1. Quickly estimate the mean residue ellipticity at 222 nm for the chain, helices only: each DSSP H run with n ≥ 4 gives -39500 (n - 2.57), and the total goes over all residues, rounded to 500.
2. Between residue 80 and residue 120, what is the label-to-label distance in nm when each label sits 7 Å out along the Cα-to-Cβ direction?
3. First measure r as the distance between the Cβ atoms of residue 94 and residue 225, then evaluate 1/(1 + (r/R0)^6) with R0 = 35 Å and state the FRET efficiency to the nearest 0.05.
4. Could you work out the Rg to Rh ratio of region 22-69, with Rh taken as the Kirkwood radius (inverse of the mean 1/r over all Cα pairs)?
5. Report the dimensions of region 3-222 along its three principal axes from the alpha-carbon atoms, largest first, rounded to Å.
6. Treating region 70-113 as a set of equal point scatterers at the Cα positions, no solvent, please give the Debye-formula log₁₀ I(q)/I(0) at q = 0.17, 0.20, 0.32 Å⁻¹.
7. Assuming a ≥ b ≥ c are the square roots of the Cα gyration tensor eigenvalues, decide whether region 1-103 counts as rounded (a/c under 1.5), prolate (otherwise, with a/b larger than b/c) or oblate.
8. With axes computed from alpha carbons, what is the tilt in degrees of helix 58-68 against the longest principal axis of the chain, rounded to the nearest 10 within 0 to 90?
């Protein structure tokens, strides 16, 4: 049975992806802070492993990976949007919080997954959740956008450094999938075009199921009519 760890698995894209992997017979480690919500995801699934942890806590994350055991795929998903404001209205504490979750948290998870895959000697795959904002930002999104640009650098470094160990790395950039973040944005912009989050989950599964000889370094999936392509 193939195994995967998914961070931010309690809601949104992470939850939809966890449910998709579980339905397809994967053994799935569910990481998020809220254990009660992870229990909802795992309900009725013998192949689910609940691993409550904060992705910014290196010790808690190390314990979660150790408890889970060998891992074939990491979906490095946990993230937050942060304040929607011009940079001079963003509090330093808010900046540091977003940086901690979106960048430090992803580094911690990737570091642990890479080490586990290297140790068991079979290789593996790390899939980072980037964002359309890694290419084209929204207004007043300096915290989120900066961290997502950084994730692109993390993905490229992992892809290169993983080659000697058959560890592949790729990034999925998701635009306007119906999640808590997008729901909040849509409340302020009712005309926003969105898509079912299950489309994003299916794309992550596709990346995860590729043979070791193949990799998708970057995939973009988005709501068809969102204004990412074209000119204003």
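Just so it is clear, none of the values below were taken in a lab; they were calculated from the coordinates. Keep in mind it's a predicted model, so treat the numbers as computed, not measured. Neighbour counts run over all protein chains shown; Cβ positions are idealised from the backbone, glycine included.
1. Estimated from H runs of four or more residues: -13000 deg cm²/dmol.
2. Computed distance between label sites residue 80 and residue 120 equals 3.1 nm.
3. 0.65
4. Value, to two decimals: 0.98.
5. Result for region 3-222: principal-axis Cα extents of 47, 38, 32 Å.
6. Log10 of I(q)/I(0), two decimals: -0.54, -0.65, -1.10.
7. prolate
8. For helix 58-68, the angle is close to 50 degrees.
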